[in-house]
1. Could you grab me the full set of residues in region 1-22 that are touching an Asp or Glu at 6+ places or on another chain (Cβ under 9 Å), closer than 16 Å to Cys61 by Cβ and either assigned to a helix (DSSP H, G or I) or of a type in the set (Val, Ile, Thr) (or both)?
2. Filter region 14-28 for residues that are over 16 Å from the mean Cα position of the chain (by Cα) and either at positive phi or not small (Gly, Ala, Ser) (or both) and give the result.
3. Of all residues in region 26-41 being touching a strand residue (DSSP E or B) at 6+ places or on another chain (Cβ under 7 Å) and in contact (Cβ under 8 Å) with a residue 24 or more places away in the chain, which is nearest to Val98 (Cα to Cα)?
4. Only residues in region 44-73 that are without any contact (Cβ under 8 Å) to a residue 40 or more places away in the chain count as the first member; pair them with residues that are basic (Lys, Arg), Cβ under 7 angstrom, at least 6 apart or cross-chain, and list the lot.
5. Go through region 22-64 and give me each residue that's under 19 Å from Ile90 (Cβ atoms), surrounded by fewer than 21 Cβ atoms within 10 Å (Cβ to Cβ) and among the β-branched types (Val, Ile, Thr).
6. Based on this model, can you work out whether Ser4 counts as under 24 Å from Tyr88 (Cβ atoms), surrounded by fewer than 17 Cβ atoms within 10 Å (Cβ to Cβ) and touching a strand residue (DSSP E or B) at 6+ places or on another chain (Cβ under 8 Å)?
7. Output the qualifying pairs, or none if there are none: Cβ atoms under 9 angstrom, residues six or more apart or on different chains, first residue in region 78-94 and without any contact (Cβ under 8 Å) to a residue 60 or more places away in the chain, second residue surrounded by fewer than 15 Cβ atoms within 10 Å (Cβ to Cβ) and basic (Lys, Arg).
8. So which residues in region 65-99 are loosely packed, with under 12 Cβ neighbours inside 10 Å, closer than 22 Å to Val14 by Cα and of a type outside the set (Gly, Ala, Ser), if there are any at all?
Amino acid sequence: MNTSAVMTRDVVVVSPSVTVRVAARMLERLHIRHLPVVDSGKPVGILSDRDLLKHAPDATCGEAMSVAPVTCSADATVSRVAELMLEYKIDSVPVVDVLGRLVGLVTSTDLLGLLVDRGQAHVLPYAFRLRMAGSDTEAVALAA
């Protein structure tokens, strides 16, 4: 399966000059965690909700972004995108065309969605044990 089948095509982006304050409001309002930072339609960075925590509200997205984002093409396999995410420890990969222009975004949430068969989903009973470090106390729970 190619990334074109799972990528988000209607991607919200910001320019490098947008402030962290504005970007934070966008992330919150849209319930998203990543904003590609683009210049002339090409991704120059990626801004995550974690990046925002490290910068003052008046900083720019250009200052707060992770630069030179790892990208892929729309015909890259889903497996390849997952490999990139694991290798670089990232949660989103901008999808670019042959000219380097942004055409989509694949996130870890998109890939996890492939594993969920929503028509077959149901809760299975399970048991787990939780042992607190430095304690002899153990909690046991059963979910149904």
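Every number in this text was worked out from the coordinates using simple rules, so none of it is lab data. All values reported here derive from a predicted model rather than from experimental measurement. Every residue, glycine as well, gets a Cβ built from its backbone with ideal geometry; the counts of neighbours run over all protein chains shown.
1. Matches in region 1-22: Thr19, Val20, Arg21.
2. Pro16, Val18, Thr19, Val20, Arg21, Val22, Arg25
3. Taking the candidates together, the pick is Gly41.
4. Every condition considered, the pairs that remain are Asp49/Arg33; Pro57/Arg21; Asp58/Arg21.
5. Result: Ile32, Val38, Val44.
6. When the stated conditions are applied, Ser4 passes them.
7. Nothing qualifies.
8. Val67, Val98, Leu99
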